[in-house]
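The values are calculated or read from the model by the stated rules, or taken from the named source; none is laboratory data. Note that the structure is a prediction, hence the values are computed from the model and not measured. Glycine gets a Cβ as well: all are built from the backbone with ideal geometry, and neighbour counts include every protein chain shown.
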Amino acid sequence: MTDKPLSLILAVLLLTGCALPGSNHAGTPSATAEVIDSTIQCSADNQQPTVQYISNRQQLKQMVKRLQGSVFPAPVVHPLEIDFSRWNVLYISSGQKPTAGYFLELAEPAFVIQQDKARLNVILNRPPPDAMVAAVITHPCILVKVPAGSYSTIEVHGLGTEQRSVGIHTP
C-alpha cells in the first residue's frame, strides 16, 4: 500500500504544474507568443527561409499586404491594434517549397527568454510522403507577436538545419 501515497503525490505534483528536479528547460522563463496571421503563399521574394523584425505600423501594413488573400488565415488580433511598446512582431517565411501542404505554426514552448537572447520555436509542417498535394510552388509564412523584453536578439528555430537571428531595436 506504500505505492498508493506515492502515486497520489506524483498526481498532485503533475496537476499543480510542479515538475521533478531536472525536468524543466534549464530554468529558462517562457513567455507567450501569438500568431497574428499565416498563409501558405506569401510573396516570392526569397527562396530561402527569412526572418524580419517589424518595428512600426507602416512596416506591419506592408507585411499584412503580403499575406492578403491567404488560403488558411489564422487571424488572432487585428494588426493595427498592436502596441509596439509592449510587443515585437516578426515576419517568418519558410522560403520556397515545391508543393502545397507546407505550413508554419508555433512549437511548444513557443517563446523562451534567456538573458540577452530570446528564442522563438516554429514548426515547418510538411505534407505526408503519401499525400496527394498540388504541384505548385508555395512560400509559407507567418506573422508572430512576442512580448517586448530586455533581449536584443531573437533566434528563430525550426525553419531547417540552421537557425535565423534578428536584432531587436527598441525605441
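Each residue in the range 138-151 was checked for being surrounded by fewer than 16 Cβ atoms within 10 Å (Cβ to Cβ) and at pLDDT below 90, and 1 of them qualify. Taken over the range 46-76, the residue count meeting the criterion of being charged (D, E, K, R), at pLDDT below 80 and exposed (fewer than 13 other Cβ atoms within 10 Å of the Cβ) is 1.
Whether a residue is at pLDDT 70 or above, surrounded by 15 or more Cβ atoms within 10 Å (Cβ to Cβ) and under 17 Å from the mean Cα position of the chain (by Cα) was assessed, and residue 79 does not pass this test.
When the range 121-148 is filtered for residues that are within 14 Å of residue 38 (Cβ to Cβ) and touching a His at 6+ places or on another chain (Cβ under 9 Å), only 122 remains. Among residues belonging to the range 96-119 that are within 14 Å of residue 168 (Cβ to Cβ) and not in a strand (DSSP E or B), point out the one that is modelled with the highest pLDDT. Among them, the one singled out is 116. In summary, residue 37 fulfils each of the numbered conditions (1) at pLDDT 90 or above; (2) charged (D, E, K, R); (3) under 21 Å from residue 165 (Cα atoms) with the single exception of condition (1). Within the range 120-156, the residues that satisfy the criterion of being out of contact with any Phe, Trp or Tyr (no Cβ under 7 Å at 6 or more places or on another chain) and assigned to a strand (DSSP E or B) are 121, 122, 123, 139, 142, 144, 153, 154, 155, 156.
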